[in-house]
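Everything on this sheet refers to the single structure shown next.
The values are calculated or read from the model by the stated rules, or taken from the named source; none is laboratory data. The model shown is predicted, which means the values in this text are computed figures rather than measured ones. In this analysis, Cβ positions are derived from the backbone assuming ideal geometry, glycine residues included, and neighbour counts consider all displayed protein chains. Quick note on the areas: whole protein, heavy atoms, side chains included, nothing else; ligands and nucleic acids left out. Shrake-Rupley method; radii C 1.70, N 1.55, O 1.52, S 1.80 Å.
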Amino acid sequence: MKTKHSIEKPGWELVAKYLANEANTVEKQTVEKWAAQSEKNNRELLETKILLEKTDDYFLLKKFDSSAAWEKTQQQISPKTISIAPRENQRKIYISTFYKYAAIVVLALLVGTAGYYFGLRNELQNVYSEIISAEKQVLNEYILPDGSVVALNSNSKLQFPKKFKNNFREVTITGEAFFDVQPDPEKPFIINAGNTQVKVLGTSFNVNAYPENETVEVIVETGTVQVITTEKLNTLETAEIILNPGEKGTFVNSLGKLEKELNSDPNYLAWKTHNLVFENTPLMEVVQYLNKTYHTDIQLNGENLNELALTAQFERKPVDFILNVVQLTFGLKLEQNNDIYILSENETLNK
């Protein structure tokens, strides 16, 4: 009885030669035998072919000098493993480089997950990276090339160079993120957020710049932050402000107005910490905080519920625990239909 041996996957160079019709007879047989070994191998070869064709079209359109670009890219990029937190749900993404065939300079293999998606884009001398958090998913920790740490709220995207160059460190945020910037007096950290720019040397702060929002908000936890508007303003309006710990800067898009005030929201960072503080807070506002923090759909059913106010503090408690506290505190009825929580009045509240 013959033993069936598993055929080892061919190297990327051999696969690229095969797909570019530059492989010899022996090399072709090697790739084809591996592909015929399983449906998974065959599908992987087909997907690689599609990626190769797209890459080839891209560079033909750009009219790149593929030889020169390959030599420069090969010097700058080597296979590496990139790890992305949060710690409770770590995943690894492996970035591999392709060899030069059929106008290929670099093909980044992107592996996505339900939680988040990470990609690298290579364009000649500039190599950019981006982190994208999915809906209802928070990325608690990602370390930037300079050692700064960033956390992303759901539906957010952070773009940044693979290596910070020149005399500044510049990133772009779409959505909400908390930054803990590594101090470097010689290289200011610059964040492009909507119609504003945030400049710091070393500090920690929160930026909320979702495109659908009417405002861009910056709240400082430590250090000093400079907020500058990139919009042309009426000469009577302030073009920049300096924020200290505990202060909030707000840019109102429709008015082109940049404002500064003390931060009165103790829960601005609850999306990251899951620490919530309520001081005689109307129940409707409590529900709004819970929905944002836990990405839930909690609804109130009953006119009298708008008159209730909660005083309580929760440190990293699950949403079910908090809802049970609310239910018991006010004698409410709590129901769950699929992913929807409903807090409603008991009959005794109406008497």
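Taking the accessible area of the stretch 267-351, probe 1.4 Å, and keeping the other protein chains in place, the carbon and sulfur fraction comes to 44%. Between N253 and K157, the C-beta separation translates, for a Förster distance of 22 Å, into a calculated FRET efficiency of about 0.75. Inter-label distance, N280 to I340: 3.4 nm, where each label sits 7 Å from its Cα along the C-beta direction. Comparing T222, N155, P185 along the charge dipole axis of the stretch 117-222, the residue lying farthest to the positive side is P185, per the Cβ-charge model. Spacing of the modelled spin labels on N213 and V26, each 7 Å from Cα toward Cβ, amounts to 6.2 nm. Label-to-label distance, N167 versus K33, with points set 7 angstrom from Cα along the beta-carbon direction: 6.2 nm.
Taking all protein chains into account, the per residue accessible area for the stretch 124-222 stands at 42 Å² (1.4 Å probe). Extension gain, N42-E141: 0.36 nm per intervening residue step, less the Cα-Cα distance, totals 32.0 nm. For GluC sites (Glu not before Pro), the sites in the stretch 219-302 that DSSP calls loop and that have at most 16 other Cβ atoms within 10 Å are E231, E237.
Multiplying the residue separation of K317 and S264 by 0.36 nm and removing their Cα-Cα distance gives an extension gain of 16.8 nm. Taking all protein chains into account, the per residue accessible area for the stretch 255-351 stands at 60 Å² (1.4 Å probe).
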